[in-house]
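Engineer: Have a look at this one before I ask anything.
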Amino acid sequence: MRGYFGIGVEGISKPMNVGNLLRSAHSFGASFFFTISPAVDLKGMKASDTADSFGHLPFYNFEKPADLLLPVNTSLVAVEFLPDATDLPSFRHPQQAIYVLGPEGGNVSDEMLARCDYKIKIPMKFCINVGVAGALVMYDRLISTGRFVPRPVHEGGANRFAPQQLKEEQIICT
């Protein structure tokens, strides 16, 4: 997938969750990370960032949702457990996207939701840890890019024993 993405949190209160999400963002190739009105000491976030992501990923901190600066032609996507949100497996990720997640035990603010172009949710029975939710969204973005071979119809991975020059429809049995 061409383009870029950034990811961040609004009103987060647990520093380990921010560090975890930041480390995942770095690993999944995010272009930047941000916080909006965090209720946590930003230095405390580094304790769970074992990959030193703060040294490798641009980090922005904004005081309120209105302060969040968006690059031109970028879609803002709220990740929220809301009834009217699109289920993640049915969502086509924008080429240029910024994902924002709400705090533990809460939601993205109404002010932030009003700025969002899309609302998506992970189809689960209840809310999960913000770091895990962010990682699932970034993983879904990664696998939906079309950079990987299609999943086989049988169990396991791609057929490693088929000659490289054959096309899948030419293989009679596996």
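The values are calculated or read from the model by the stated rules, or taken from the named source; none is laboratory data. Everything numeric here is computed off the predicted structure, so don't read it as measured data. Every residue, glycine as well, gets a Cβ built from its backbone with ideal geometry; the counts of neighbours run over all protein chains shown. Heavy atoms of the whole protein, side chains included, go into the accessibility calculation; ligands, DNA and RNA do not. Shrake-Rupley method; radii C 1.70, N 1.55, O 1.52, S 1.80 Å.
Engineer: Do we find that Val137 is farther than 18 Å from Ile36 by Cα, touching a Leu at 6+ places or on another chain (Cβ under 8 Å) and not acidic (Asp, Glu) in this structure?
Structural biologist: Yes.
Engineer: Condition (residue is in a loop (DSSP other than H, G, I, E, B), touching a strand residue (DSSP E or B) at 6+ places or on another chain (Cβ under 7 Å) and more than 13 Å from Val137 (Cα to Cα)) applied to the range 44-52: is it met by at least one residue?
Structural biologist: There is no residue in the range 44-52 that is in a loop (DSSP other than H, G, I, E, B), touching a strand residue (DSSP E or B) at 6+ places or on another chain (Cβ under 7 Å) and more than 13 Å from Val137 (Cα to Cα).
Engineer: Now, a different point. Is at least one residue of the range 9-25 touching a Cys at 6+ places or on another chain (Cβ under 9 Å) and surrounded by 21 or more Cβ atoms within 10 Å (Cβ to Cβ)?
Structural biologist: No; the residues of the range 9-25 include none that is touching a Cys at 6+ places or on another chain (Cβ under 9 Å) and surrounded by 21 or more Cβ atoms within 10 Å (Cβ to Cβ).
Engineer: Looking at (1) open to solvent by 60 Å² or more (accessible area, probe 1.4 Å); (2) touching a residue at least 24 places away in the same chain (Cβ under 8 Å), which is the one condition that is false for Lys125?
Structural biologist: The failed condition is (2).
Engineer: Quick one: in the range 82-107, of everything that is within 16 Å of Pro123 (Cα to Cα) and part of a strand (DSSP E or B), which residue is least open to solvent (accessible area, probe 1.4 Å)?
Structural biologist: Leu101
Engineer: Do the conditions hold for Lys125, that is, is it closer than 21 Å to Val18 by Cα and of a type in the set (Lys, Arg)?
Structural biologist: The answer is no for Lys125.
Engineer: Tally time: how many residues in the range 53-63 are open to solvent by less than 50 Å² (accessible area, probe 1.4 Å) and of a type outside the set (A, V, I, L, M, F, W, C)?
Structural biologist: Total meeting the criteria: 1.
Engineer: Something else: Taking the options Ala66, Ala78, name whichever one is in contact (Cβ under 8 Å) with a residue 40 or more places away in the chain, outside any loop (DSSP other than H, G, I, E, B), surrounded by fewer than 21 Cβ atoms within 10 Å (Cβ to Cβ) and small (Gly, Ala, Ser).
Structural biologist: Ala66 is the lone residue from the list that is in contact (Cβ under 8 Å) with a residue 40 or more places away in the chain, outside any loop (DSSP other than H, G, I, E, B), surrounded by fewer than 21 Cβ atoms within 10 Å (Cβ to Cβ) and small (Gly, Ala, Ser).
Engineer: Taking the options Arg2, Arg23, name whichever one is of a type in the set (D, E, K, R) and under 14 Å from the mean Cα position of the chain (by Cα).
Structural biologist: Arg23
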